[in-house]
Amino acid sequence: MLSGAACKSYPLAAAPARFEDIAARHWSLLADDLAYPLAVLKRTALMHNLAWMQAYASAKGVHLAPHGKTTMSPELFQMQLDAGAWGLTFATIFQLGVGVDAGVRKAIIANQVLAPADLAGLRALLQKHPDLQVWFLVDSLAQLRCIEQWAATQPPCRAFDVLLEIGVAGKRTGCRTRDEALALAQALAASSALRLCGVECYEGNAAQCDNDRDVAAVSDLVRRVLDVTQACDAQQLFAADTVLLTAGGSAVFDLVLPLLTGSGLSKPVEGVLRSGCYITHDHGHYQRYLDLVQRREGLQSALLPALEVWTMVQSVPEPGLAFLSCGRRDISYDIELPMPQRLARSGARRMEEVIATPPDWRITALNDQHAYLQFDPTGLSPAVGDRVVLGLSHPCTTFDKWRWMVVAEDDGYITGAVHTYF
């Protein structure tokens, strides 16, 4: 149940509403029915992105297991599964629990699991849901020993399914050398607590949004992972009938396809792409990467920005400077500051009246509750009461600032909502 007491930007004067009753309120973005700032999902772009990414993965012959940590929204999880996703990806056992409650039955935890409480939680989920399949990452003998020590204190149970993680020097988790990876794979194959089912990497660690450099760096990672995979296969270290190969961020997903289709293995391969941010895309960071993907792949269509934050101009204290009702608590800023996209003058009631903001409009700083908008005072200027729509980079860190988000149609009417668990 939504209410102003619990959900930021839900109008305090309005009666509480169930998610399925939101459309009956006939609220509109342009009628100031809800408080500002307001995080908005654009339904048309959202549905386009769901279909686009699923079609891309299917055309390449790989599965899609979107990273659920991007949105942590059961409603959006269901949309991804309905669109054809093989499963979902998570980073923690807590996130996995949210996904399982939402109906997820195949899940990759793209992270190390070793804390006793997490291992117990995973075991409890697997026992409660016999049809649930979960794979998590292992990247060290030390992690393996932690798991085995825990398992030795527990009643006998089926072994956990795991993936060997290959990493990038100086970056995030994962084995650094071939010898290290093979020694760990051999230990996993000998363990009664775990089953080695495949190999994983995260190619985003190698990318810098430089086409030539990214192609070389990610291709090198793919070669390393395939080499380790082939060596594991030659030694018959994989426990399952198929080998699960998985990679995936949302930046250079095209460059890992040679890994996901497998090469020269004695067992069938299931390739799984784990992109997550595609569902809303963005206006900056991922858009720049997608431009390069389009060039490499010759794509005629692309993902669309589906998430934005509506703000109100609350003060114009001096020429060239306005303050918007949106701050660090409301929108992403970890990669770059938000970007003005559109202006709806006070009194505008049709989307046709909403115009693009001039290119000189810039957000130069954020406080907790304020955005600093700088503009040329000799040109188009914002006025108190106007609405400024902000775009963003890296949608993950906007989602985690909201317990709910409205879903809006192209005409500005709000026809639904989703909630999040962070």
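Table for the structure above
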item	result
The stretch 315-326 - residue that is assigned to a strand (DSSP E or B) and either surrounded by fewer than 16 Cβ atoms within 10 Å (Cβ to Cβ) or aliphatic (A, V, I, L, M) (or both) and, of those, nearest to the chain's Cα centre (by Cα)	324
Unique residue being within 28 Å of the chain's Cα centre (by Cα) and either crowded, with 16+ Cβ neighbours inside 10 Å or assigned by TED's automatic domain parsing to the domain that holds residue 68 (or both) when the list is 342, 329	342
Positions within the stretch 405-420 being in contact with an Asp or Glu (Cβ under 9 Å, 6 or more places away or on another chain) and either over 16 Å from residue 26 (Cβ atoms) or at pLDDT below 95 (or both), in sequence order	418, 419, 420
Single condition residue 405 does not satisfy, out of (1) free of Cβ contacts under 8 Å to residues at least 12 places away in the same chain; (2) crowded, with 16+ Cβ neighbours inside 10 Å	(1)
Matching residues, the stretch 171-187, being more than 21 Å from residue 271 (Cα to Cα) and either in contact with a strand residue (DSSP E or B) (Cβ under 7 Å, 6 or more places away or on another chain) or at pLDDT below 95 (or both)	171, 172, 184
Failed item in (1) crowded, with 24+ Cβ neighbours inside 10 Å; (2) touching a Phe, Trp or Tyr at 6+ places or on another chain (Cβ under 7 Å); (3) not assigned by TED's automatic domain parsing to the domain that holds residue 374, with residue 279 passing the rest	(2)
Residue within the stretch 261-284 that is in a helix (DSSP H, G or I) and more than 26 Å from residue 391 (Cα to Cα) present	no
Pair list, Cβ under 7 Å, 6 or more apart: the stretch 168-183 residue closer than 17 Å to residue 142 by Cα, other residue at pLDDT below 95 and not in a loop (DSSP other than H, G, I, E, B)	172/205
Close pairs (8 angstrom Cβ cut-off, 6 or more residues apart or separate chains): surrounded by fewer than 21 Cβ atoms within 10 Å (Cβ to Cβ) in the stretch 196-214, among the charged types (D, E, K, R) and assigned to a strand (DSSP E or B) anywhere	none
Enumeration of residues in the stretch 25-71 that are among the β-branched types (Val, Ile, Thr) and either closer than 19 Å to residue 306 by Cα or assigned by TED's automatic domain parsing to the domain that holds residue 345 (or both)	40, 44, 70, 71
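The values are calculated or read from the model by the stated rules, or taken from the named source; none is laboratory data. These figures come from a predicted structure and were not determined experimentally. Reconstructed Cβ throughout: ideal geometry from the backbone, glycine too, with neighbour counts over all protein chains shown.
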